[in-house]
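The structure appears below as structure tokens.
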Amino acid sequence: MIKEEIRSYFINLLPKYESIERFHPQVVDRAIERALAEFYNLVFLRSPLELQRYSKEFGYTTALTVSIEAGTGIYYTNYPTGVSIIPFPDKASGVRRISTIAQGGITFYPVDPREMDLLAGGSYADTVTSKIGYCARRTRIEYYNPSAVVIATGVRADLIIPFSDYLDTDDVMIPDLTGNEGSGFTDRVLQILSAVRPVELFENKTIETKE
């Protein structure tokens, strides 16, 4: 389903006070976002490789730029405008795959920040391998040993992103978990929303505002 359809589905499930919607659409979005992040983490615990199917692809039409930071010489790619990642406890975190348009095969491998520091501090890893290390930071992806081709042509990235970062027209994959891994996604979103206080109406059906 696309994002706006998912939002509409939950809004229409919720009770209304006559013609007044009980929840603002942004409140519904945040509940969906929280539940979705929880379900992604359940998928990770079951099989980290399975997270790939829930990623959104960036840079497949126009490659993401690889830049160099003045002073440090670190090569990096900023996340697309308005996009962040959901963190996970492995090295890839919310950056599940990096690839290039110019090359086939996987040449990028995730590393954690400490490994990046070790490699940058004088490692000879680049003399024995052509593999490129990438580190998922909070606002960008950093690289160790990027090739000239990667620097010139850019990269593609498969990211696990929050619900709020999707466009309304984007397809959003929702994990289908059963058994002991958690209640249904619909039940979880409604459970989160149940903690939100309902609107209070005067007799003329206007929404009461609180000071």
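No lab work stands behind these numbers, since they all come straight from the coordinates. Just so we're clear, the structure is a prediction, and the values are computed from it rather than from any experiment. As a convention, Cβ positions derive from the backbone with ideal geometry for all residues, glycine included, and neighbour counts pool all protein chains shown.
Listed values, structure above:
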| item | result |
| --- | --- |
| Estimated distance in nm for a label pair at residue 138 and residue 90, the labels positioned 7 Å out from Cα along Cα-to-Cβ | 2.5 |
| Assigned charges on the beta-carbon of Lys, Arg, Asp, Glu; the stretch 13-79 dipole about Cα centre (debye) | 160 |
| Calculated from backbone phi, Karplus (6.51, -1.76, 1.60) coupling profile of the stretch 138-144 in Hz, x at Gly/Pro | 5, 10, 7, 10, 10, 10, 10 |
| Sequence-distant residues sharing a close amide H with residue 97 (under 5 Å, placed H) | 158 |
| Residues residue 131 and residue 5, FRET efficiency given R0 of 45 Å [Cβ-Cβ distance, rounded to 0.05] | 0.65 |
| J(HN,Hα) series, the stretch 190-196, from Karplus relation 6.51 cos²θ - 1.76 cosθ + 1.60, nearest Hz, glycine and proline x | 5, 5, 5, 5, 5, 7, 7 |
| Whole-Hz ³J(HN,Hα) from phi, Karplus 6.51 cos²θ - 1.76 cosθ + 1.60, for the stretch 169-177, glycine and proline x | 9, 7, 6, 10, 7, 10, x, 9, 9 |
